[in-house]
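Q: I am attaching a structure below and will ask some questions about it afterwards.
None of the figures in this text is laboratory data; all of them are computed from the coordinates on show. Just so we're clear, the structure is a prediction, and the values are computed from it rather than from any experiment. Heads up, the Cβs are rebuilt from the backbone with ideal geometry, glycines too, and the neighbour counts pull from every protein chain shown.
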Amino acid sequence: MQERINALDFLRGFAVLGILIINIESFAYTLPFNSYLYGFETELDTSVRYWVYYLAQGKFFTLFVMLFGISFYLMLERLQQQYGAEDSYSIYTRRLFILFIFGAIHAYFIWSGDILHHYAICALLLLPVKSFTMRGLGLFIIVMMLIILGGSYEKAQIRVIQKQDYQQAMAVNKVDRTQAQQKAIWRWEARLSKKSRERYSHKEESRKGRYLDILKSNWNDIKLYEGELFFKVILFDCLMLMAIGILLYRLGIFTNYRSLPFYWTITFILFFAGLWAGYVKYQWWSYHYLSPVTEYQIQFIKKVGPYIQGLSYLLILNGIYQSQSFIRKLTAINMVGRMALTSYIFHSIVCAFIFYGYGLNYHNQLSRSELLWLILGIWLINIILCHLWLKHHKQGPLEFIWRKLSYQAASFNR
C-alpha cells in the first residue's frame with residue numbers, strides 16, 4: 001500500500017477552502033456574478049468584489065479540478081497494483097457512480113450548484129487517458145484546449161454578428177425597419193442596459209422561502225432526470241484540467257518538485273501571465289460588465305486566464321510546501337484536504353442554513369465586504385472540526401461512507 005502524498009492533501013485543502021470564497025456568493029445573492037445588483041452598499045464592496053474575483057474566481061476551481069483528476073488517476077493506479085485490471089476498473093467505476101449519487105443528492109436537497117456529479121462523469125470519460133503515453137497525454141490536452149478556444153471564438157463571433165446587425169438596423173429609418181431589424185436593436189440594447197432586481201424577484205422569493213421552495217427551485221435548475229448528466233459549458237475545460245493534473249503527477253512534481261526542470265521559472269512565468277490575463281478579464285467583468293466582448297483575443301484571454309493563474313497557484317503552493325519545512329508542520333490545511341468531500345458538503349450545509357429562508361434567512365442581506373468575515377469564520381470552524389475528527393478517525397465521515405459503499409458491493413473485501 002502506497003503512502004499518502006502529503007503535498008496533495010495540502011493542495012486539496014487549499015482548493016476546497018478557496019472554492020468557498022466564490023461558492024458562498026451563490027447562497028448569499030440571487031445573482032452572484034452580477035457586478036451591481038446585490039451586495040454593493042459602498043465603494044468598498046465594489047473593490048472587494050474586484051479583488052476576490054481577480055485572485056480567486058476560477059483559480060481554486062482550476063486547482064481542485066486538477067487535483068481531482070490526480071486523485072482518481074492515483075486511485076486507479078493503486079487499485080491495479082492491488083487487484084489487477086478487471087477488479088480495479090470495477091471498483092473505480094463503482095466509486096464514480098456513488099460520487100455521482102452523492103452529487104445528485106447534494107444538488108437536489110442542498111444546493112443546485114453541485115459539481116460532484118459533473119466530476120464523476122468527467123473522471124469516467126477520462127478513463128482511456130490512463131493508457132496514454134506522455135506524448136499522447138500532451139496531445140489530448142492540446143486538443144481539449146483547441147475545442148475550448150473554438151467555443152470562445154464562436155461566442156465572440158455571435159457578439160460581433162449581433163453588433164453588426166444592431167448597427168445596420170440603426171442605420172435604417174425607424175419607419176422602414178423590419179421586425180427582424182427591430183429585434184436586433186432590442187436585443188443589443190437589452191444587453192447594454194442594467195437589469196432590475198424585480199426581474200429576479202421569483203428567485204429571491206424561493207431562496208427566502210420554505211425548504212419546499214428550495215427543493216422546487218433546485219428541481220427546476222438541475223435536469224439530471226432529463227439526462228443532463230454534466231455541465232456542457234465546462235466539460236472540455238474539466239477534461240483538460242484533469243489531464244494537466246495527471247501530466248504533472250506523472251512528472252513526479254508532487255513528491256519532488258525539482259523533477260520538473262526550471263520549476264520556479266515556469267511557475268513565475270505562468271503566475272505573471274495569469275495576473276495579466278486576470279487584469280484584462282476582471283477589469284471588464286467589474287467595471288465594463290454591460291459591454292459585450294467582440295474582440296476575439298479578449299474572449300480567449302477571459303477563458304484561459306483563470307486556468308493559467310490556477311495552475312500557477314498549484315505550482316507555487318506545491319513548491320513552497322516541499323521546500324519550506326515549517327509549512328509541512330502546519331497540518332491543519334492537510335486535514336481539510338483529507339476530508340475534502342466532507343468539507344465541501346459541510347460548506348454547503350452551513351451556507352444554506354445561514355442564507356436560505358428555512359435557516360437564518362440572510363439571503364441578499366450581507367455586503368460583499370461583510371461576506372469575507374463570514375468566510376473566515378466558516379474556514380476556522382471547518383479546520384477545527386477536521387482536526388477533532390481526524391484525532392479519532394482515519395478519514396472523514398463522507399469519505400468513509402463513500403469507501404464503504406464502493407467496496408461493500410464488490411465480490412471481495414479490501
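Q: Here are some pairs, Lys174/Lys203; Lys195/Lys223; Lys216/Lys404; Lys216/Lys303; which of them have Cα atoms lying more than 29 Å apart in this structure? Please list the in-between numbers first.
A: On the way: Lys174/Lys203 37 Å; Lys195/Lys223 26 Å; Lys216/Lys404 31 Å; Lys216/Lys303 32 Å.
Going by Cα-Cα distance, Lys174/Lys203; Lys216/Lys404; Lys216/Lys303 fall outside the 29 Å limit.
Q: Grab the beta carbon distance between Ser259 and Tyr289, set R0 = 51 Å, and tell me the FRET efficiency rounded to 0.05.
A: Working: r = 43 Å, r/R0 = 0.84.
Taking R0 as 51 Å, the efficiency between Ser259 and Tyr289 is 0.75.
Q: Moving to a separate point now. Using alpha-carbon positions, what is the distance between the centroids of region 287-360 and region 170-201, in Å?
A: Region 287-360 and region 170-201 have Cα centres spaced 37 Å from each other.
Q: Setting aside same-chain residues fewer than 8 positions from Lys281, which aspartates and glutamates have a Cα under 13 Å from its Cα?
A: The qualifying aspartates and glutamates are Glu295.
Q: Then there's this: For region 206-312, state which GluC sites (Glu not before Pro) are in a DSSP loop and have at most 14 other beta carbons lying within 10 Å of their beta carbon. Present the calculation step by step, with values, prior to reporting the outcome.
A: Values: sites: Glu226, Glu228, Glu295; in loops: Glu228, Glu295.
Those that pass, being in a loop and sparsely packed, are Glu228, Glu295.
Q: OK, next. Rounded to the nearest 0.05, what FRET efficiency do Ser196 and Lys163 give with R0 = 35 Å and r taken as the Cβ-Cβ distance? Could you check? Working shown, then result.
A: Values: r = 24 Å, r/R0 = 0.69.
Efficiency, rounded to the nearest 0.05: 0.90.
Q: Place a point 7 Å from Cα of Val143 in the direction of its Cβ. Which residues in region 71-91 have their backbone N less than 13 Å from it?
A: none
Q: Ok, one more. Can you tell me, using C-alpha contacts under 8 Å and at least 6 residues apart, the relative contact order of the chain as a whole percent? Show your work: numbers first, answer last.
A: Details: 471 pairs, mean separation 135.4, N = 414.
With pairs under 8 Å counted, the relative contact order is 33 percent.
Q: Still on this structure, I have one more. If you filter region 13-76 for GluC sites (Glu not before Pro), then keep DSSP loop positions with at most 16 other Cβ within 10 Å, what is left?
A: Values: sites: Glu25, Glu41, Glu43; in loops: Glu41.
Here the GluC sites (Glu not before Pro) that fit, given the DSSP loop and packing criteria, are Glu41.
Q: Just to confirm the number: angle between the C-alpha axis of helix 235-251 and the first principal axis of the chain, 0 to 90 degrees, nearest 10?
A: Roughly 30 degrees between the two axes.
Q: Report, in degrees rounded to the nearest 10, the 0 to 90 angle that the Cα long axis of helix 263-287 makes with the longest principal axis of the chain.
A: 30 degrees
Q: Further question on the same structure: Taking the inverse of the average 1/r across all pairs of different Cα atoms in region 104-231, what Kirkwood radius in Å do you get?
A: Details: mean 1/r = 0.0517 Å⁻¹.
Mean inverse Cα-Cα distance, inverted, gives 19.3 Å.
Q: Here is a further query. Roughly what angle does helix 59-83 make with the longest principal axis of the chain, taking Cα atoms, 0 to 90 degrees, to the nearest 10?
A: For 59-83 against the chain, the angle is about 30 degrees.
Q: From the phi of every residue in region 108-117, what ³J(HN,Hα) in whole Hz does the Karplus formula 6.51 cos²θ - 1.76 cosθ + 1.60 yield, where θ is phi - 60° and glycine or proline is x?
A: 7, 9, 10, 8, 6, x, 3, 10, 4, 5
Q: Roughly how many debye, to the nearest 20, is the charge dipole of the chain about its Cα centre, given +1 on each Lys and Arg Cβ, -1 on each Asp and Glu Cβ, and no other charges? Please list the in-between numbers first.
A: Working: 42 positive and 25 negative charges, 58 e Å.
Here the size comes out at about 280 debye.
Q: Over every pair of different alpha-carbon atoms in region 196-249, take the mean of 1/r and invert it; report that Kirkwood radius in Å. If you can, show how the numbers build up before the last one.
A: On the way: mean 1/r = 0.0710 Å⁻¹.
For region 196-249, the Kirkwood estimate is 14.1 Å.
Q: Mind putting together the pair-distance distribution for the chain? All Cα pairs, 20 Å bins, whole percent per bin, short to long.
A: Percent of Cα pairs in each bin: 23, 57, 18, 2.
Q: Can you list the HN-Hα couplings for region 165-182, worked out from phi with the Karplus curve (6.51, -1.76, 1.60; θ = phi - 60°), rounded to whole Hz and with x for Gly and Pro?
A: Values per residue, Gly and Pro as x: 4, 5, 5, 5, 5, 5, 6, 9, 4, 4, 6, 9, 6, 7, 5, 5, 5, 5 Hz.
Q: On the first, second and third principal axes, largest extent first, how far apart are the outermost C-alpha atoms of region 306-414 in Å?
A: So the three principal-axis extents are 52, 40, 30 Å.
Q: Additional query: With a cap of 11 neighbouring Cβ atoms within 10 Å, and only residues DSSP puts in a loop, list the chymotrypsin sites (Phe, Trp or Tyr not before Pro) found in region 214-296.
A: Numbers: sites: Trp219, Tyr225, Phe230, Phe231, Phe236, Tyr249, Phe254, Tyr257, Phe262, Tyr263, Trp264, Phe268, Phe271, Phe272, Trp276, Tyr279, Tyr282, Trp284, Trp285, Tyr287, Tyr289, Tyr296; in loops: Phe230, Phe231, Phe254, Phe262, Tyr289.
When the chymotrypsin sites (Phe, Trp or Tyr not before Pro) of region 214-296 are filtered for loop state and at most 11 Cβ neighbours within 10 Å, Phe262 remain.
Q: Taking the simple approach of a point 7 Å from Cα along Cα-to-Cβ for both Leu224 and Ile327, what is their distance in nm?
A: For the pair Leu224/Ile327, the computed spacing is 3.6 nm.
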